[in-house]
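A short worksheet on the structure shown next.
Bear in mind that the values in this text are calculations on the coordinates, not laboratory data. All values reported here derive from a predicted model rather than from experimental measurement. Positions of Cβ are generated from backbone atoms using ideal geometry, with glycine treated the same way; all protein chains shown enter the neighbour counts.
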Ligand SMILES: *Cc1c(COP(=O)(O)O)cnc(C)c1O
C-alpha cells in the first residue's frame, strides 16, 4: 500500500533491519541522523530564528544531547523534564517554561534552577510568576482559531483572546516582570500555512497597540510548533512554510522583524522513528466477512495514541508487500475496545500475512513512546532505542549494542 522509499532511504532501511532484528517487539527505533538532518534543514529555512525543541515529543537523552550540541534550546513543560534536561548539563538559559498550566511551587522551582523565561495565558498564573519568578521574561500565548486544518489541534485548552493578552502584558510590566512577547501554536501537523498569517496579524496588532498606548515594547514572537512530519496525507515542503512565513512577517513588520522562536517537535523527530509490531492474531468476524481484523502487540496504550479519532495516519509496511492486498482493521492487544487504531480508514495489507509477521509503522518518532501508558493490562511501556553514532542507545543514553 505504501512505498517504503518515499519515507526511508535504502541505506537507512538496511541499517535499521540489521540493527533491530534481535530486539523483541513491540519497539521503536529512532534514527538520530534523521533528526540531525531535520534540525539543520530548519535552521537553514529560518536562519533568523531560535529553536526550542519541544521535549515532550521525544524526550530521550540521546535526542536532547545531540540537539544541545547542534545549538538547540528547549521548551520544557514540567519539573520532571526540567530535572532531566539539567541533569544532562544543559544551561537553564537555554530553557523556556512553555506550559501555561503550572503550580505556583513549580514556578518557584524553575526559578530556583535558573530559568528566566515563562509562558502564561491567565491572570492567576501571571501573579504566581511575578511572585515566584520576579523580574523574569514572560510571553503571553494567544488563541488561534485554525484548528480544523491541524491533524492534532492544540487550541482551546491553551491561549487567551488577544484583548486579554494585552491586559496580561500590562499586568506583567506593572508587577515587575519583563513583558517579552507573544506566543501561539497553530496546531500540530498544521497543513494550512495560512494559519500562521492570521496569528502573525494578531501578534502585530498587539505589538503596535501595546507600544502606542502603554509604551511597552515587545521583542519576541514564539510561533510554537506545527510543522508537519511525513505521514500519509500530503503536506507542503518546509521551504514553502519558510517562504510564506517570512512573507507574512515582512508584510506585518517590514524590516523590523522581532526575534523569532520556533518550538518544533513533530517536524523534528517524527520522521526518525520506526515502530515495529508483531501480528498476534488475524481473524474475521463472520465466515464471509471481507475484512480481516489484525491484532498487534502495540496499540493505543503503548505507542499509538495519536491514532485517536484516526487523526495521525502512519504509513505501514510489511515484509510481504508487493502481492495481493485486502482491507484490514488494525487493533492493539489490550482488553479495551478503544484500542483500535484504524477502522474507518481502510488500510490494505497483504492477504498472506500470518501471526508472527511484522508490521513496520513509519514516521513514528514523535508522540509515541512519550505517550505510552505504564502498565495497562500488564503490558509494559513500549521500548525505545536510539540509533546513534556509537551504536544503539536506550532512552537514558546507555549503550545497548555497539556499532
Ligand atoms: C507540543 C508543543 C510544541 C510542539 O508542537 P509540534 O506540532 O509537535 O511541533 C511546541 N510548543 C508548545 C508550547 C507545545 O505544547
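Bin width 5 Å, alpha-carbon pairs only: give the P(r) of the range 1-70 as whole percents, running from 0 to the bin holding the largest distance.
Spelled out bin by bin, the range 1-70 gives 3, 12, 20, 19, 21, 15, 7, 3, 1 percent.
Could you list 256, 157, 102 so that the one with the fewest beta carbons within 10 Å of its beta carbon is first and the one with the most is last?
On the way: 256 7, 157 10, 102 21.
Going from sparsest to densest Cβ surroundings: 256, 157, 102.
Suppose R0 equals 35 Å. What FRET efficiency, 1/(1 + (r/R0)^6) with r the Cβ-Cβ distance, do residue 208 and residue 37 give to the nearest 0.05?
Once rounded, the FRET efficiency stands at 0.35.
Looking at the chain from every direction and averaging, what is the projected area of its Cα convex hull in nm²?
Over every viewing direction, the Cα hull of the chain projects on average to 20.0 nm².
From largest to smallest, what semi-axes in whole angstrom does the range 249-337 give when each is the square root of 5 times an eigenvalue of its alpha carbon gyration tensor? Don't skip to the end; give the middle numbers.
Details: eigenvalues 336, 45, 36 Å².
Three semi-axes, in Å: 41, 15, 13.
With only alpha-carbon atoms in the gyration tensor, what are the semi-axes of the equivalent ellipsoid for the range 336-391, in Å, largest first?
24, 19, 13
On a 0 to 90 degree scale, rounded to 10, what angle separates helix 32-45 from the longest Cα axis of the chain?
So the helix axis and the longest Cα principal axis differ by about 40 degrees.
Viscosity 1.306 mPa s, temperature 10 °C: give me the Stokes-Einstein translational D for the range 181-274 in µm²/s, with Rh taken as the Kirkwood radius over C-alpha pairs. Each step should come with its number before you reach the end.
Working: Rh = 14.1 Å.
Stokes-Einstein gives a translational diffusion coefficient of 112 µm²/s.
Using only Cα atoms and rounding to the nearest 10 degrees, what angle (0 to 90) does helix 238-253 make with the longest principal axis of the chain?
It works out to around 20 degrees.
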